[in-house]
């Protein structure tokens with residue numbers, strides 16, 4: 001009975017020590033480097049708010065809000081202002097955006113015509129494309145700002161990783177961490193409880209669990225960035 005009580009006290013002490021030692025490792029998701037002034041630049045640095053003595057017309061506000069890189073399922077395009085004119089560019093197609101009713105319309109010769117406008121939330125752009133050989137507009141396509149699109153997908157991945165678990169087991173000692181390398185459980189078999197190398201076994205099991213979690217995290221990040229920049233959902 002005394003031996004059992006001593007073993008239980010040792011196990012509890014070891015568990016407290018290892019949980020204190022295995023401080024949660026903070027995961028930082030790095031965004032790709034931003035580019036400025038180039039149509040091929042994917043990221044964009046945050047825009048600095050402009051100061052106006054007199055507020056610009058609503059039409060000008062709308063145009064300024066559109067100036068960015070936008071990504072949709074299937075590709076991305078850039079809306080950029082040059083000499084007070086707004087231009088649409090996607091791949092090798094480019095045209096000036098001109099106001100028509102509630103839309104901004106650009107002729108993209110020889111392919112056709114694009115029309116677009118900000119969505120209800122102001123965070124997305126709605127667009128339709130009309131091929132040169134028809135008078136019918138195609139389906140409405142929703143595009144998100146490049147940075148917001150990547151941020152939302154990264155946040156979703158962090159949530160998924162937080163719910164995943166990975167085990168590392170060494171000689172009867174099992175340490176469990178989540179997908180962001182945070183310890184969530186420790187199990188010690190009765191045979192290992194009184195061992196002189198218990199602390200080392202815990203450390204090795206933790207290292208094994210973290211390694212498996214890191215592999216899964218790296219694989220998921222690679223898939224996220226690859227799918228994002230190839231414009232796949």
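Read-outs throughout are calculated quantities, based only on the coordinates presented, and are distinct from any laboratory measurement. Everything numeric in this text was worked out from a predicted model, so none of it was measured. Because the Cβ atoms are built from the backbone with ideal geometry, glycine has one as well, and the counts that use them run over all protein chains shown.
Points worth noting:
- With R₀ set to 25 Å, the beta-carbon distance separating residue 98 from residue 121 gives a calculated FRET efficiency near 0.55.
- Sites residue 83 and residue 111 - FRET efficiency at Förster radius 30 Å, r taken between beta-carbons, to 0.05: 0.80
- Here residue 223 and residue 185 are evaluated by their C-beta separation; at R0 = 22 Å the FRET efficiency comes out at 0.25.
- Short-range pairs are left out: with C-alpha atoms under 8 Å and at least six residues apart, the relative contact order of region 58-145 is 21 percent.
- Going from the fewest other Cβ atoms within 10 Å to the most, the residues 166, 88, 129 appear in the order 129, 166, 88.
- Net length available on complete extension from residue 132 to residue 207 is 21.0 nm, with 0.36 nm assigned per residue and the Cα-Cα distance removed.
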